[in-house]
Each structure stands twice: as structure tokens, then as C-alpha cells.
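> I am attaching a structure below and will ask some questions about it afterwards.
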Amino acid sequence: WCYMGVKTLTHYFRFSLKTVILEIRDITQKGYEKKRSKLIGAYFPQTPGMDPSLSQERRTPVTSSSSSRYHRRRSSGSRDERYRSDVHTEAVQAALAKHKEKKMAVPMPSKRRSLVVQTSMDTYTPPDGEEEDGEGGGGTSSRAGSLSMEHWISRAIHSTSSTTTTTSSAASSSSSSTHSGGSGAASGRLADVLAQHVHISNHSAPPDVTSYTNITANTTTDGIQVDKAPGAGTTAQKQTPKYGNAELMETGDGVPVSSRVSAKIQQLVNTLKRPKRPPLREFFVDDFEELLEVQQPDPNVPKAEGAEVVTMAGEQLGVVTNWPPSLEAALQRWGTISPKAPCLTTMDTNGKPLYVLTYGKLWSRSVKVAYNLLHKLGTKQEPLVRPGDRVALVFPNNDPAAFMTAFYGCLLAEVVPVPIEVPLTRKDAGSQQIGFLLGSCGVTVALTSDACHKGLPKSSTGEIPQFKGWPKVLWCVAESKHLSKPPRDWFPHIKEANQDTAYIEYKTCKDGGVLGVTVMRIAMLTHCQTLTQSCAYTEAETIVNVLDFKKDVGLWHAVLTSVMNMMHVISIPYALMKVNPLSWIQKVCQYKAKVAFVKSRDMHWALVAHRDQRDINLSSLRMLVVADGANPWSISSCDSFLNVFQTKGLRPEVICPCASSPEALTVAIRRPLDEGCAPPGRGVLSMLGLSHGVIRVDSEEKLSVLTLQDVGMVMPGGLMCTVKPEGIPVLCKTDEIGELCVCTVATGTSYYGLAGMTKNTFEVYPVCNSGTPISEFPFTRTGLLGFIGPAGLIFVAGKMDGLMVVGGRRHNADDIVATALAVEPMKFVYRGRIAVFSIPVLHDERIVVVAEQRPDSTEEDSFQWMSRVLQAIDSIHQVGVYCLALVPSNTLPKTPLGGIHLSETKQLFLEGALHPCNVLMCPHTCVTNLPKPRQKQPEIGPASVMVGNLVSGKRIAQASGRDLGQIEDNDQARKVCVCVVFCVLQFLFLSEVLQWRAQTTPDHVLYTLLNSRGTIYSSLTCVQLHKRAEKIAAMLAERGHLQDGDHVALVYPPGVDLIVAFYGCLYAGCVPITVRPPHPQNIATTLPTVKMIVEVSQSVCVMTTQVILKLLRSKEASAAVDVRSWPPVMDTDDLPKKKPPLLYKPSNPDTLAYLDFSVSTTGMLAGVKMSHTATSAFCRSIKLQCELYPSREVAICLDPYCGLGFVLWCLCSVYSGHQSILIPPSELEVNPSLWLSAVSQYKVRDTFCSYSVMELCTKGLGLQTDSLKSRGVDLSRVRTCVVVAEERPRIALTQSFSKLFKDLGLHPRAVSTSFGCRVNLAICLQGTSGPDPTTVFVDMRALRHDRVRLVERGSPHSLPLMESGKILPGVRIIIANPETKGPMGESHLGEIWVQSGHNASGYFTVYGDESLQSDHFNSRLSFGDTQTIWARTGYLGFLRRTELTDASGDRHDALYVVGALEEAMELRGMRYHPIDIETSVIRTHKSITECAVFTWTNLLVVVVELDGSEQEALDLVPLVTNVVLEEHYLIVGVVVVVDIGVIPINSRGEKQRMHLRDGFLADQLDPIYVAYNM
């Protein structure tokens, strides 16, 4: 069919198809489809591979029993028919056809296999009791047959429409003149419903997301072929990043690639290159220089041009003489005059009459209830209920008799009934808000029925528990057998209707809050009178009610007005409608009912279930009141129902739509017309016009139209006008949509207890454009949007509650629901269960669509349907959908009658608790008000800014630590022997210091290593270390035959062996390189890094322990690397007995002492060269800053392989003589309290740790502080607790650590951080003296523009930055512009440059990149002091002079590190630091434990670790997208949800984001879910 093209279709076929469409409103959906398929069937071949019997089955009549017939019919029409419109469906299909021409591949989300399986058939549970049941037996086979047929038909229609677009648009100019002509133009006008598309100017559609697959009618593939690697679920593998299980995968467009992910991202990038919506011209300032675009009024938008609307008055309310003075009086009259007259007949679930309540029984029982309420609750002195008190009525939907009795009992007792729904569980959707209403109304008593009381949840003691949010209530069964008889002389006091409150009707708001609308007795009576007059009720008429009798139309007609007129109500319970949707029609025939009350849903169900029921006769009906007739989408149900049942005696004028609201009660109702009158008119309105709030009558060939039917005239005795929905209630113009307002006695009076909201709703005084009020009487807002049409007919276009204002245009949720449901396959949405709402994101509302998908839908079905919905809504409504979520069937929260609880759904969505099985986010198309990308300004030249020590009028940002040379070394000064002092000061080499200590203090303990139990595992005195180091040197000379300056890799676990080997190398004249050993459980990932360091460092020999030696030669190792290419490996467990003949003494202090290799956070392996001079200067600087002496003890819980961690572990003790208590961080995984216990036990004053250690203690010991205290852990002696890091201080972590262990005596000022980098391993370290570290708050938005703007704590967008410790002695710092290399002013953001005696002397690399070397280690300023040589740290930061004073008495300069330049992301011209975005993301949901972000081709990728069930994975996608938009003005391109432990973290606790990126692009992360935002 696709290849035939439309050209082969005959002219006759096109004409016939148009004729069918013309008849669209005169035949049923089934008939239309039959006719269409018959016509098209002749023009295409049989589907290849399709069983002819299936299509045959579709044509042959079904001969099975009536029940299976009924079920089969039900399965074909299960979508929510309130929103059905054939014309709209065709319009949607035609709109979608436009997109077919612009094919573009968009990636499907990737989902882990377990998720795919879990959310398909396995999770499908049969619908529970509250839902309509109809997925019956015979549905599946017929559906399979019909699927292929419908597929071909829709394809035919699509091709026709899309190809005729070009031809018809050319003809449109000529045909437009005939369009406005008379009946002769009819065929031409409707013929182009499918073909002609009216393009919206300046509007581009969202990306076409349909062409990702070739799906045929009878082969639905799963699309995702991901199988988890064997054993992927085991815990050992889960803890480590799972790289290395990449498979050959297919991308969404069917191209096999080795990296599925990068191909998908490329697709996404291509998609995003499409033009966006029209650029916006003006901007407003978002309380800062950053500009958010704001929509400007378009001169071309339609504006209201009509005259001011005139207030419309209803007919006079004629007071009939026999109308009772109050409803209680009416009940008394009928109960005594006609006690046998039937009042109410209830049905059981089989449709048999269950019970008939007569007026006599209703009267006597109501009196009994009234008496018991007033006299039998509480005591005589203290009755529980007094007249005027509020009482809850809690009755199920199948017991109207008990409800009616209780309601009238309350009226007779002058008590105010508050009818509410039965709470089924303690966690019912909306139950908490109902509880708030009851609490605010002061409800203490709840009346209920016997059956309901038994069904309420009970505690073990048999008591009804207090429901969430409810006040404490006394439950009373209001049935006769449980009540006392009133004395013969007791009668209720019956008054005339007055201003007292009669009852309170609850109303659920858009936000889920529940309000109580109070209705006065006079309003209740007047309302009954207006209904009686409008509906021409007469005494003893029979009426059928399908609606909820506790509120709204059901209550007003079937409980109140019925009693006033002594009518007989046949009540059809919801449960019966589920079993037999025709029941209400059968009862109308059986009882010859004159009036019936239904919703459009009930009409649709009857249509679906109706099958040549011969005995149906609806001629007795004079009114069929459609309670939701104000919903524009009810019109097609009314039309279809009339088409089918007109032959059964239903007259067209009988269908009476009505409009109502809780506040205004009945707003309008269509009266039955006299026979032969012209049918009421219809409004066919442009949706574009409606979105701008104006009425533009549209010709029906346009795609985006809304057809409205009138809801009759203004109610008798009332006035009506329309006012502007927002702001002051100014009258609308005649061609403007506004909120309907009514002025009549028959409305609610107030929201109970809410004076402010009451004033805005019930006491509105509409004004003319001149500002004068139109009436002295208040009007009530109805909450309905509409207009007063010709001849005073009222038209309703939607509800205020469903209104979503997006980009200044108004859209109604119901309209969007209708469009989504019209998208084929229509039956994709499970029973039409779909919710549309808007959420505020970045200063505008964003539309969210949530739908339940059928249990048998595949991933591809879901994705295709979602992408088509996006296109349809974009074409029809010209608005983008921000998020489309699909949930498994039967999982959305329900209202008591089975509908979707909208506000609860929205709340779950915002909380991340909706658990969707598919999500599609489209922020790129919707969010058009992002700030303009930053344009970088050229820098000002040096001449204009440099004056002395000032830059741009500010002091140059430079600072330095104390001078190393001038400080007296107190430790050495205390020595008695002056010559020895000079010796130590003259030592240039650490090896000499060790030899000197071994001679002078041989038994002084330098190192103590603790095991996981906290006991001493081994220790080293000065002489032990010296002797063991000598043996190592001898071994290197003997076995290794090493020369001076050879490089030796030391692969040891953290411990004393590493220290011994290091000094052994120094004694032998070799250059040591410390290397972290491979992880035994993860050799495949960790061993290659070891091998790389050994190779890059040009090590000629590897020294290690026997255990690690075995590991290096294991099978696993040979699978990971080539073990034959290792240099010689020596184990040092058995050292030779003899010592070397001579210890090596370096000739030049500038020669290499050791190499320091580290993997940076961007994944780069960088080794730096440390000379003997630098090493000694480094140790001296730390010794002075921390005041280290031989009598001191320092606890070190760090990895000893690089940076300051290595220096503290291996070098400082030898230089300063203090004792180091070594705690390997890995031991804390076994015993988290090990470090803090050791600090307490050894009375340590100074301790060093890493962020990962601090985090482990915070998480692992959070709940154990009391037990630690009882074990005697005391941290009060700790003077400095320094976190060793190469990043911005993690303030949140250090503060929570301080607060947590405050109870153990830890002083908050003791906790501080250090800062180092590759060019200088320690620039700042807090130390013992000097002021406490300071914290400032900067504006995060200014930071993106490379500016520092200090703000107050707690101000919006503020970011706390803590000083990174004090600048070390001998260190100088300057802040320079990273691009121009010019000096920066104080408090300006720039790159930190450093000059110091312990700077590294350069990179050690096999590649010999000299330019990088000179740039990083030998840079000069471009102006100012151009002679000094600086090293560039690669970190951005700023200096700020504080009010505090240093030890020297000068004002203290604080250094604040912001982040690494190489990690910073340039997006939209601004500089973002990953940690800021990650912090925002981690806050969004409790299940996000860790997050990492990186960019790929200008797309922001966010990876989050999920600590929860995989079903929560998709909840995170919208939350992550929202928070990044709100706080950072960035659109997330890809959201990846992974298991805990997948984000790689190095030994310092820093995220390896580039490793993560590589793993993601190589598809090695085994993600739970990958979402590609469009």
C-alpha cells in the first residue's frame, strides 16, 4: 500500500471516501468504520502473512451467546467516551499525517530488560472493584484481526491526507470563496477535512518521533534486546563499575553499532538542530543580570472586538401556591398525606429492586434520626450534637435510602450534614484533605450505614482507626434498628426556609485541597423551585438517577427536588452499571420514567453494550439530563446516543445538557423543546482563538476546532454575565471567553471557614470597562468558562480548574485529553484513563500528560504512541508537551467513583512516586524562555587597568604564607647540641634525616599501623626503619642490578612495608613510584591502571608482597593485561640478611626524589616530578604549619599513594620525628568507628582524613553516637581534623560531620580542609594557629559568568564556599585570568597560580609534551610582574581579604576554591561546575544517592545512582530535568539511571566523570534506564 502511492487511487475512490466522511455524524462509529473499510478494502492487497480467517472473522456476524457478544463489544470501545469525537479523531490523524513527510529518527529510551518485562503483562492485575469491568473473554482474537485492518485503514487515510495536502493547498485559494457559500459548498467543505491543513504561521512542530522503527501490523517486536551479562546481579559485581560488557546493539533506527548510546545521542543532537519556536524579542531581568526571555504580545493574535456583554436575565421564578415553605415541611406533608407513595427504589447488582422507601418511612425514620442526634449522643447536660453543628454523612454509593434518611434527619434536627465519600483504606487518595475539611468544620460525629460500618478498617481491638488527617469522630449507625424511638410527644421543629446553613457540599480543588461549600436553607429551597420550573416536574413523576446522590446534580434532583414534588426516584448504583451498562435504559422502559439523569460516560456504555435490544422503548422520556453536558466533549456521546436510540422512541429534543458547579449549583439547563422546533445551534470555534480567549467561529474543515452545544438558558430568577477570568471582574466583550457569573438566591453562600476565598468567589461585583459596578447585588463565580450566545443560549468551553496558561495562552486540560485519546491506536490508553495537568517550571506552566497503557503494549507501541501524541497536540493546539508519562494499567490514584484523582496524580508526579513505565520529556521544544546565551566580551587591554598594585581599581589578588627562611625551628632549637641543630637544618635529603634519627633516637616510634580491630598490627622505630630500608637497598643492588636513578614501582597495600620500600629506594639511589595495588575482586578494571603507571613511569622493576605477586600472576590478571610484558617483579617479604656496602648519597639536591602519579578527576593519568629540595621544603612547610614535634602523635586515615596523603603517610614523620598512627581507609569498611576510636584512644590532637572516610563515618556511624559515647570515645582533644582534597571544600559534608560528632566533644572549628593539585601537592592547610576557616555566600548565577558576587546567607541562588585552609609557609598565590594571563583584582574569579619551594618540577611523561610543561609549570603574567615564574593549578578561585588577623598580625587573606577548569562545562556561553548541578540533583529525590554530570557534544548528561527498586527509575527523569532547569537554566539532554556504585570514585573520594562518560558512550554501564530528552 505504501509503495503504491495515492496516484493509483481512482477518482471514484477519493470521491467515495469524502462521501463517507460527510456522513460521519449520521452513522455510528461501527457503521462508519465498516463502510470505510469496505470501500478501502478493494484498493489494497491482503496483508502479507496475515491469516485470512482473522479478517474473515471480523466480517462474519458473531453467533455466540449474548454475554460474550457484549464483552466483545465492550473490548472494542474501552476508551473514555466523554472525549470521543469522530471529526476530532480524523483531524488528529490528518495533523499527524503532516509529520510523516518530515521523517527524523529520535532515539528510543533504553531500558534494562528486567524493567521491560516487569512492566508488561506480569504486572497486569485484573481491575479492582472500583473500575468498570469489561476486558472480557472474546476480546483478544477479534482485536488481533482488527488491528491489521485498522492499521491498513489508518495508513490509507494518512497517505491520502498527506499527499493531497500539496494539491489541495494550491486549490484552497479558489475554493475559499465557495466555502462561505450556501449548501452547494457542503461537499467541497467537508471533503477536505482530511486533506486541507491550515498551517499556523511562525510555528514549527516538535521533532518527528515516529520514524524510529518499521512496525507492521502483525509483527510487534520488543525493540530492546538487552540481556544482562551473566551474573550481573551478584553483589560483588554491583559494587564496582561494570565496564566491559558492551554488546553489539541496534540503535532506534535499526543501524547496528558497537556503541548504541553515542549513536542515539547523535540522533538526539540532529533532532535538536531543528529550528525552535519563533525567537522572542524582549526580556525582563530575573532579579539579576541574567535575562529570561518573556513572551511579547504578537500583533497578529486575535483580539476581542465585540461590544461589552449585556447581563442576561432568566425567566421570572413563578411561585406556585402549593410549593412548601421548606423541604422539611414538604417531607412532613407527603409523609403524612401519602405515606404509601414510593419515594425511592434501590437496585441490587442484578438489576432487581432491592428496596422501596416510601414517603411515610422516610418521614418516620428521619424523625427518629433527628431525635437520636439531639438526645441520645453525649449526656443530657452535655449533648454531643446541638442544632447548627456539623455532622459527617459517610454512605456507600449503593445505599441511597440510608443516606436520604440520615440527610433529612439532620435537616429536621437543624444539624448541618456534610456528605463525604467512604474512606476504604487509611491511605485513600484525597482522604487526608477530606479530613482537613471535617476538622475545620468541627465534625465530631459521623453517621453511616450498618454495612458500611462493618466494612470500615478496624484495629485489633475492633475500633475504627483514625484516618490520616481526620479529626477524632464518633461513628454512629443511622439505621432504625440501632436507634431509640422518640417519645410520642416529641416532634421536630419545622420552620420556614431561612438563612441558616442547610448542608455543606465538598469540592475538590485543582491543587487537591477540599473546600466545603455552604448552602443556606433558603438557597436550597429556591434551587429546588428553579429546577422544578425548568424541568416542569409534576407530583408523583418517576425519574431514573445514575449519578452520585451525595453531591451535585444527583443530590439536587434525586434527593432534594424529588421530595419537594413527591417524585419516585429509581436509583441505579455504580456497581450495577459496571455489570450491565444498559440497566438505566431498561429501568426507564420498565418504569415508564419521564426523566433520567446520566453522564455522557453512561450514554457511551449503553451504546457499547446495546445490541438490537428489541424491547427498548424510550418514548416515555421527556428529559434526558446530561450532567456533564457542559464538557465540550460530551457532544459526540449525545449525538451517537441519539443516532442509535432515535429508532427506539428517543426524541431529539429530549437530550438536555446542563451546566453546574459546586459554588453556583445549577448554572443552566436546556429545557425540552416543543416538537417540530428547530434544533439548537452549535458553535464550531477555533482552538487558536480560544487559547487567546476570543470566540472565532470556524468553518469545520479546519483541524483545530472545538464544537460546542448549548446548555440552555439562564435559570429562572437569575442573572448571568461573563467576566475576565483573572484579576478584577471586568465584563467581557461579546466575542470573548470569560468566567460565567450568576446572581441568584439559589447558589452556595461561602467556603466554610475561609472568608478571603469566599469574598473572591461568592461576593463578586462585576464592573463595566468604565469601572462602575453593574449591580448592587453580589454575583457568584461558577468556575465555568464560556459565553452567552445568540438568543440567550449559554455555551461552556471548559472549566477554570482545567485551565493551563502556557506562554500566555490558555489551554483546557479536557481538550488536550481529547486530542491524546484521538491518536491511533486509540485503544492504546487503558480505558481512556488519562490525566493532563500543568506544573510550574522556570517561570511558566508546563503541560504533563499521564496515561495508563494497556497491559499488552510493547515498548515500541508505547514510544510510537507517545511521539504521535506530541505531534498531534503540537499541531492541533500549537503547544508543546513538557512530559508524557505512561503508567501500568490500574495504577493511577482513583476517585471513589473510579475516575482519576487528578491532584493526587500530580502530587505523585512531583514527589517522584508515580512509578511510570515509560517517560518522554520534551524540554527542548517547550522551554523557550531560557536566558540568552552569554556573549563573551573582549578583555580590556593592560594599559588601562594596571596602576601600581591595583587592577581595575581593586587591589591585586595575591597572598602568601609565612616565610620559611625566617622562622625559627623551635623543635631543633630545643636540642642541646648546637652543631646537631645546624646539621639537621642543613639536611637536604630525607634519607640523611632518617640515618640521623636512627643514630640519635633509635628507639623512638615513628609509625604505628592499626588493624580493623583497633589493635597495633605493626610499628616501626627509627632504627627498625633504617635497617629494613638498608636490606631493601641491598636487595635492589643484588637481585635487581639497578643503577642510580632507575625507577622502581612500589605496589603495596597501605602499611609500613610501603614506607620501608620507599626509603630502601632512596638508600639505593632509585626513584620510587607508589602505586595502588589492584583490587582482588575487580582485577579487570583496576589492574590495567597499575600496568599503565608502571609503563608510563618507565619503571625497571616492581616491588611488592607475596600476596600481590600471586595476584599479578593469576589467571584473572592474564585475562586483563599481558603479564609477560611486566618488568622484573620482586617480593620483599623475605629480605636478605646483609646490608649494602655503601648508602647512596645524591650529589645534587635538585635531582629526582620520587614520582607522584595520580589519575585526575577528568580521567587523565598525570605523574609529577618531586626533587629532593622540593620534598624537604614540603615537609618543613607542613611541620611549621601543624607544629609537629617528636612528642606529637598524628592519626592519618588516608590512601598513601599520591599527593598530600602520601607525604603525610611516608615522609613527614621521618622529617619531624612525630609518631604517625596509620589507619588504612579500607579497614573502615569492616569497622567504621576505627578511625574515631583510635583518635580518642591515642589522645590525638591532629588528624588527617579524606572525604570518602568522612562520608563513611557520617553514614555508617550516624545512629551510633550514643554507643560510641558509652564506649568512652572522646574527641574533645582534637585540635585539627583536616580533610585532604584537591577540590572545592564540601561544606555540607564537613558541617554534618561536625554536628554529628559534636556530642563526642568534637569542636566545629577543628574540622577544616586542605587544597593541593598536580603542580603543587599542598597549597593550603589549616594548621594549628591562625584564624578559623571563613565561609562566604556567592551568587551561583554570577559565578557562571566568571564573576564573584557576595550575597547574604539564604538568599536565592546562593552557594556557600568555605576557605580551603591557610596558605602554607613558603607559598605565594596570585589570581590570574586563565585566557589573557593578566592579574585579577581581589574578589574576582580567576585561575589560582602558585609559586613555592615545593612546587613539582614538571610532568613525567613518555610523550614529552613540552608546551604543556612550560605552560603549567613555568608561566609568567602578561603584564604587571612579568618576571616571576608561576605554576598554574588549573583551578578557578578567588582571594578575599578578611577582617581577621594572621599570627603575624596582618589582615588574613582567604583563598576560596571554586572548581577545576578542566572539569568546568561551557554551556550556553556560561561556565558551570559539575558539583553545583550534582548537588541540586541529589536533593530532588530520596532514592538518588549519588550523581555525576558531564557533557557530550553540547548535551548535558546526568547520571544518577538509584537506591531503591528499579520501578522508581523513571520517576527520577522529570525531577532531574525540572531541578536543573529551575536552578541552573539548563536543559538536560540525557538522564541515565544506574545502580549504586557505578559512578567511579577515586581514593580521595572524587568522582571520575570522564571515566564515567567513556563507560556510558561505550555502553558499559548496564543502566537501569536511559532517557533522551527531546
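> Every residue in segment 1309-1329 that is assigned to a loop (DSSP other than H, G, I, E, B), of a type in the set (Gly, Ala, Ser) and crowded, with 19+ Cβ neighbours inside 10 Å, please.
Residues satisfying the conditions are GLY1316, ALA1322, GLY1327.
> On to the next question. Could you list, in sequence order, the residues of segment 765-779 that are in a strand (DSSP E or B) and open to solvent by 10 Å² or more (accessible area, probe 1.4 Å)?
If the condition is that a residue be in a strand (DSSP E or B) and open to solvent by 10 Å² or more (accessible area, probe 1.4 Å), then VAL767, PRO773 are the ones that fit.
> Let me ask another. Looking at VAL1071, VAL1094 in this structure, which one is open to solvent by less than 40 Å² (accessible area, probe 1.4 Å) and in contact with an Asp or Glu (Cβ under 8 Å, 6 or more places away or on another chain)?
VAL1071
> So, in segment 505-553, how many residues would count as being among the small types (Gly, Ala, Ser), touching a helix residue (DSSP H, G or I) at 6+ places or on another chain (Cβ under 9 Å) and closer than 23 Å to SER600 by Cβ?
So the count comes out to 0.
> Check whether at least one residue in segment 1143-1158 is touching a strand residue (DSSP E or B) at 6+ places or on another chain (Cβ under 6 Å), part of a strand (DSSP E or B), within 28 Å of THR1085 (Cα to Cα) and of a type in the set (A, V, I, L, M, F, W, C), and report yes or no.
yes
> Continuing with the same structure: Being open to solvent by 10 Å² or more (accessible area, probe 1.4 Å) and closer than 21 Å to MET347 by Cα is the filter here; which residues of segment 528-548 pass it?
Result: ALA540, GLU541, THR542, VAL546, LEU547, ASP548.
> Okay, moving on. Applying the selection to segment 1341-1352, what residues are open to solvent by 10 Å² or more (accessible area, probe 1.4 Å) and modelled with pLDDT under 90?
Residues satisfying the conditions are HIS1345, ASP1346, ARG1347.
> Quick one: GLU1286 ticks every box in (1) under 27 Å from THR1162 (Cβ atoms); (2) open to solvent by 10 Å² or more (accessible area, probe 1.4 Å); (3) not in a loop (DSSP other than H, G, I, E, B) bar one, so which box is it?
(3)
> Would you mention how many residues in segment 1006-1043 are surrounded by fewer than 20 Cβ atoms within 10 Å (Cβ to Cβ) and within 60 Å of the chain's Cα centre (by Cα)?
The total comes to 10.
> Starting from segment 1125-1152, take each residue that is modelled with pLDDT of 80 or more and list its partners that are in a strand (DSSP E or B) and open to solvent by 50 Å² or more (accessible area, probe 1.4 Å), counting only C-beta distances under 8 angstrom and pairs at least six apart or across chains.
Partner pairs satisfying both residue conditions: PRO1127/VAL1100; PRO1128/VAL1100; LEU1152/LYS1169.
> Is it the case, given these coordinates, that MET566 is surrounded by 24 or more Cβ atoms within 10 Å (Cβ to Cβ) and of a type outside the set (Val, Ile, Thr)?
Against the criterion (surrounded by 24 or more Cβ atoms within 10 Å (Cβ to Cβ) and of a type outside the set (Val, Ile, Thr)), MET566 does not qualify.
> Output the residues belonging to segment 702-723 that are out of contact with any Pro (no Cβ under 9 Å at 6 or more places or on another chain) and in a loop (DSSP other than H, G, I, E, B).
LYS702, LEU703, SER704, MET715, PRO716, GLY717, GLY718
> Looking at segment 1469-1484, is at least one residue open to solvent by less than 10 Å² (accessible area, probe 1.4 Å), aliphatic (A, V, I, L, M) and assigned to a helix (DSSP H, G or I)?
Within segment 1469-1484 (the criterion being open to solvent by less than 10 Å² (accessible area, probe 1.4 Å), aliphatic (A, V, I, L, M) and assigned to a helix (DSSP H, G or I)), the answer is yes, since at least one residue qualifies.
> Mind checking which pairs have a first residue in segment 744-773 that is at positive phi and a second that is among the hydrophobic types (A, V, I, L, M, F, W, C), Cβ under 9 Å, 6 or more apart or different chains?
Final answer for the pair search is GLY753/CYS441; GLY771/ILE728; GLY771/VAL730.
> Residues in segment 575-583: is at least one more than 39 Å from the chain's Cα centre (by Cα) and crowded, with 24+ Cβ neighbours inside 10 Å?
There is at least one residue in segment 575-583 that is more than 39 Å from the chain's Cα centre (by Cα) and crowded, with 24+ Cβ neighbours inside 10 Å.
> Follow-up. Restricting attention to segment 719-730, which residues are open to solvent by 10 Å² or more (accessible area, probe 1.4 Å) and in contact (Cβ under 8 Å) with a residue 60 or more places away in the chain?
If the condition is that a residue be open to solvent by 10 Å² or more (accessible area, probe 1.4 Å) and in contact (Cβ under 8 Å) with a residue 60 or more places away in the chain, then LEU719, PRO725 are the ones that fit.
> I'd like the full set of residues that are of a type in the set (A, V, I, L, M) and either under 52 Å from the mean Cα position of the chain (by Cα) or farther than 25 Å from PHE407 by Cβ (or both), limited to segment 320-361.
Hits for segment 320-361 are LEU327, LEU344, MET347, LEU354, VAL356, LEU357.
> Can you tell me which residues in segment 807-839 are assigned to a helix (DSSP H, G or I) and closer than 21 Å to GLU860 by Cα?
THR819, ALA820, LEU821, ALA822, MET826, LYS827, PHE828
> On to the next question. Report those strands (runs of 3 or more DSSP E) wholly inside segment 994-1095 carrying at least 2 residues which are of a type in the set (Ser, Thr, Tyr).
1005-1010, 1016-1021
> List pairs: first residue in segment 94-111 and open to solvent by less than 10 Å² (accessible area, probe 1.4 Å), second residue among the acidic types (Asp, Glu) and modelled with pLDDT of 60 or more anywhere in the structure, Cβ distance under 7 angstrom, at least six positions apart or on different chains.
LYS111/GLU859
> Sticking with this structure for a sec: Quick check on segment 1500-1517. Is at least one of its residues open to solvent by 10 Å² or more (accessible area, probe 1.4 Å), without any contact (Cβ under 8 Å) to a residue 12 or more places away in the chain and of a type outside the set (Lys, Arg)?
yes
> Please go through segment 468-481 and pick out each residue that is under 22 Å from PHE403 (Cα atoms), at pLDDT below 90 and open to solvent by 100 Å² or more (accessible area, probe 1.4 Å).
LYS481
> Run ASP511 past the list (1) open to solvent by less than 10 Å² (accessible area, probe 1.4 Å); (2) under 38 Å from the mean Cα position of the chain (by Cα) and report the number of the one that doesn't hold.
It is condition (1) that ASP511 fails.
> Given LEU1261, LEU1275, LEU1236, which one is at pLDDT below 90, within 45 Å of the chain's Cα centre (by Cα) and open to solvent by less than 30 Å² (accessible area, probe 1.4 Å)?
Among LEU1261, LEU1275, LEU1236, only LEU1261 is at pLDDT below 90, within 45 Å of the chain's Cα centre (by Cα) and open to solvent by less than 30 Å² (accessible area, probe 1.4 Å).
> Is at least one residue of segment 1374-1383 within 41 Å of the chain's Cα centre (by Cα), outside any loop (DSSP other than H, G, I, E, B) and acidic (Asp, Glu)?
For segment 1374-1383, residues within 41 Å of the chain's Cα centre (by Cα), outside any loop (DSSP other than H, G, I, E, B) and acidic (Asp, Glu): absent.
> Consider LYS1299 carefully, then state whether it is open to solvent by 10 Å² or more (accessible area, probe 1.4 Å), at pLDDT 90 or above and either aromatic (Phe, Trp, Tyr) or in a loop (DSSP other than H, G, I, E, B) (or both).
It is false that LYS1299 is open to solvent by 10 Å² or more (accessible area, probe 1.4 Å), at pLDDT 90 or above and either aromatic (Phe, Trp, Tyr) or in a loop (DSSP other than H, G, I, E, B) (or both).
> Within segment 492-517, can you find the residues that are closer than 13 Å to LEU412 by Cα and touching a Leu at 6+ places or on another chain (Cβ under 6 Å)?
PRO492, ALA497
> Hey, any hits in segment 498-516 for a residue that's part of a helix (DSSP H, G or I) and under 19 Å from VAL667 (Cα atoms)?
For segment 498-516, residues part of a helix (DSSP H, G or I) and under 19 Å from VAL667 (Cα atoms): absent.
Per-residue answers, yes or no, for (1) buried (at least 21 other Cβ atoms within 10 Å of the Cβ); (2) within 23 Å of LEU438 (Cα to Cα):
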residue: LEU344; (1), (2): yes, no
residue: LEU354; (1), (2): no, no
residue: GLY360; (1), (2): no, no
residue: VAL369; (1), (2): yes, yes
residue: ASN372; (1), (2): yes, yes
residue: GLN381; (1), (2): no, no
residue: ARG390; (1), (2): yes, yes
residue: PRO400; (1), (2): yes, yes
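The values are calculated or read from the model by the stated rules, or taken from the named source; none is laboratory data. These numbers come from a predicted model, not from an experiment. Cβ: placed from backbone, ideal geometry, glycine included. Neighbour counts: every protein chain shown. Accessible surface areas use protein heavy atoms only, side chains included; no ligands, DNA or RNA. Shrake-Rupley method; radii C 1.70, N 1.55, O 1.52, S 1.80 Å.
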